[in-house]
Amino acid sequence: MKEYSKIFACYLLFTSSFLLLNSCDFSKRIDTTAAVKELKERQVKRVTPAQLTAQVDEWGKIIVDSLNKNLAINLEKRALIDSLSKRYRVEILTGSPLSLQNPAFGKKANEILDAYQYNAEKHLAQIDNIQKSDDEKLYYYTSPIMLNAQFDGMKKAKMEALGKTAKLDSLSFRKKGDFVGLWLVKFSKKEVIRLSDPKHLRKLSDKQ
């Protein structure tokens, strides 16, 4: 009887081990790069307001510079806009200062859009700008879109359609170098902190 019990116990141990091994799918591998990235994003970071602004400024410039390199194509096809939006976890909008007006942006951000409109009407220089939402949870990076040589030779009908889709001022009646609208990149404070590298933030602070 004892011998039988030992055999039965061994059988149960073997069966349990077999089932355990089969329950483990060794074909699946842990993505260590993604795991490390997730841990870095979740680590506690002390970020000053100045560092946040500097990081938004840096990423904002990278985004609009990338989009302006092939402006006509990027306004017509959203592949790069979508890619950059995903990479930096932002929302990228285009439009004239008036078409971009939105109560949800808050008073300060809309005042900046008013300033762009005023400068356009007075033919004054337009520059990049950063403004916070009233609750300081969002950062709005705005940059002027200027008509460039990439539109030379484009048919009037296509330019009009492109301007309408991008909510820009009429493109076919503009000349090279004219202000036609804005890039507006909406950053989430929470995501900027998550994506930022503390060492790089310190370097940004040192430059100021």
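No value in this document is a laboratory result; all are computed from the given coordinates. Just so it is clear, the structure is predicted and the values come from calculations on it, not from any experiment. Methodologically, a virtual Cβ is constructed for each residue, glycine included, from the backbone with ideal geometry; neighbour enumeration extends over all protein chains shown.
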Flagged links, alpha-carbon separation over 22 Å, of 108/137; 86/176; 77/189; 77/158; 86/164:
86/176; 77/189; 86/164
Starting from 0.36 nm per residue, how many nanometres of slack lie between residue 137 and residue 50 once their C-alpha separation is accounted for?
29.9 nm
Sorted from fewest to most neighbouring beta carbons within 10 Å, what does the list 46, 87 look like?
46, 87
Please report 48, 142 as a ranked list, fewest other C-beta atoms within 10 angstrom at the top and most at the bottom.
48, 142
Could you work out how far apart the two model spin labels at residue 128 and residue 115 are, taking each label as a point 7 Å from the Cα in the direction of the beta carbon, and quote it in nm?
1.6
Could you put 140, 88 in order, starting from the residue whose Cβ has the fewest other Cβ atoms within 10 Å?
88, 140
Report, by chain and number, residues whose modeled amide H sits under 5 Å from the one on residue 132, excluding near sequence neighbours (fewer than 5 apart, same chain).
140
Nearest-0.05 FRET efficiency for residue 199 and residue 78, computed from C-beta distance (R0 25 Å):
0.15
Residues whose modelled amide H sits under 5 Å from the amide H of residue 183, counting only those 5 or more places away in sequence or on another chain, are 143, 145
Here the FRET efficiency for residue 155 versus residue 104, based on Cβ atoms and R0 = 30 Å and rounded to 0.05, is 0.25
Sequence order, region 92-105: Karplus ³J(HN,Hα) from phi using 6.51 cos²θ - 1.76 cosθ + 1.60, θ = phi - 60°, Hz rounded, Gly and Pro as x, gives 10, 10, 10, x, 6, x, 6, 6, 7, 3, 8, x, 5, 6
Checking rank on 119-130, 56-67, 194-205, with mean other Cβ inside 10 Å and highest first, the result is 56-67, 194-205, 119-130
In units of 2.2 N^0.38 Å, the Cα radius of gyration of region 49-207 is 1.06
